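These notes concern the structure reproduced below.
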Amino acid sequence: MSRTVSEVAALAGVTVRALHHYDEIGLLHPRERTDAGYRLYDDADLARLHDILLWRGLGFPLDEVRALLDDPAHDPLEAMRLHRERLAAEVGALSERIAALDAAIARAGASEPLSHDDLVALFDGFDPDDYAEEVEQRWGDTEPYRESRRRTKRYGKAEWTAIQAEVAAVNEQFVALLAEGAPADGAEARAAAEAHRAHISRWFYEVTPEMHVGLAEMYVADPRFAATYDGMAPGLAAFVRAAILALHAPRPRRL
């Protein structure tokens, strides 16, 4: 029995975009197509999709899932052991951060100011002091830098917690769009890019389109920014850059 991509998406609880992406990267090629070129999935395709979703549910990235399903030399048991080791390391790191956050929350509850270590804990290990001298050298004489310093000096725990939550939400949106195979110049990616710009403008300094494009270029050109984004999802730095550039690209006028 053959099913359309919409039927399979509803049956498996995935998006049509995700199925298109699986096809494009060679993870799940439907065995049939209509005369018009539309995808049709048979029972064997559904069985493979089941396996894909099983491995994805265990946290494996798509390239490893493809290797597990296609490479006879790829040992599933060894892959699971290695993946467990990675997850265990992440759990240990998260436990340390949770303990640091608990301490920060306790101090905030006692009306004590946030310490440097509290800010590091809030931002998942990011230490602003590591970049302070470089930031001062590169942007110290600019109005955006001075405005950012003026604003952030007034922030307490509530503000920094809100900032951290917004950053996480924007990044999660970018990661989700990349995983679904959404185009970087599509409406959803451009909306995420606008949320990114609005976040910086709301909390730090007003971001013009030119400044936003400059930030986008830095996310790819600077290895540290690129590593941060690509650590969330491979290729994310380039995706974020492309989405920001698309946001500010001239749009054709409708007649």
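For the subset of the range 174-199 comprising residues that are over 30 Å from Gly13 (Cβ atoms) and in contact (Cβ under 8 Å) with a residue 12 or more places away in the chain, which member is surrounded by the most Cβ atoms within 10 Å (Cβ to Cβ)?
Arg197
Please count how many residues of the range 68-85 are open to solvent by less than 50 Å² (accessible area, probe 1.4 Å) and within 23 Å of the chain's Cα centre (by Cα).
1
Is there a residue in the range 225-238 that is outside any helix (DSSP H, G or I) and more than 13 Å from the chain's Cα centre (by Cα)?
no
Looking at (1) assigned to a helix (DSSP H, G or I); (2) at pLDDT below 90; (3) open to solvent by less than 50 Å² (accessible area, probe 1.4 Å), can you tell me which one Met211 breaks?
Failed condition: (3).
Test Arg241 against the criterion of being of a type in the set (D, E, K, R), farther than 30 Å from Ala9 by Cα, within 16 Å of the chain's Cα centre (by Cα) and not in a loop (DSSP other than H, G, I, E, B), and give yes or no.
no
Take the range 34-61 and flag every residue that is in contact (Cβ under 8 Å) with a residue 40 or more places away in the chain, closer than 19 Å to Ala179 by Cα and of a type in the set (A, V, I, L, M, F, W, C).
Residues satisfying the conditions are Leu49, Leu53.
So, of the residues in the range 135-177 that are of a type in the set (Val, Ile, Thr) and modelled with pLDDT of 75 or more, which turns out to be farthest from Glu188 (Cα to Cα)?
Applying the first criterion (of a type in the set (Val, Ile, Thr)) to the range 135-177 yields 135, 142, 152, 161, 163, 167, 170, 175.
In the following step, the residues that additionally are modelled with pLDDT of 75 or more were identified as 152, 161, 163, 167, 170, 175.
On the way: Thr152: 30, Thr161: 26, Ile163: 22, Val167: 17, Val170: 12, Val175: 12 Å.
In this case the residue turns out to be Thr152.
Out of all the residues in the range 170-199, which are of a type in the set (Asp, Glu) and over 22 Å from Gly214 (Cβ atoms)? Even if it seems obvious, please write down each step before you answer.
Step one: list which residues in the range 170-199 are of a type in the set (Asp, Glu), which gives 172, 180, 185, 188, 194.
Hits for the range 170-199 are Glu172, Glu180, Glu188.
In the range 6-41, which residues are open to solvent by 30 Å² or more (accessible area, probe 1.4 Å) and of a type in the set (Asp, Glu)?
Scanning the range 6-41 gives Glu7, Glu24, Glu32, Asp35.
Conditions tested, residue by residue: (1) at pLDDT below 85; (2) over 25 Å from Ala184 (Cβ atoms); (3) in contact with a Phe, Trp or Tyr (Cβ under 6 Å, 6 or more places away or on another chain); (4) part of a helix (DSSP H, G or I).
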residue	(1), (2), (3), (4)
His21	no, no, no, yes
Leu40	no, yes, no, no
Ile52	no, no, no, yes
Trp55	no, yes, no, yes
Val65	no, no, yes, yes
Arg86	yes, yes, no, yes
Gly92	yes, yes, no, yes
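The values are calculated or read from the model by the stated rules, or taken from the named source; none is laboratory data. For clarity, every value in this text was computed on a predicted model and none was experimentally measured. We place every Cβ from the backbone using ideal geometry, glycine too, and count neighbours over all the protein chains shown. For the accessible areas, the whole protein counts, side chains as well, though only heavy atoms, and no ligand, DNA or RNA atoms are used. Shrake-Rupley method; radii C 1.70, N 1.55, O 1.52, S 1.80 Å.
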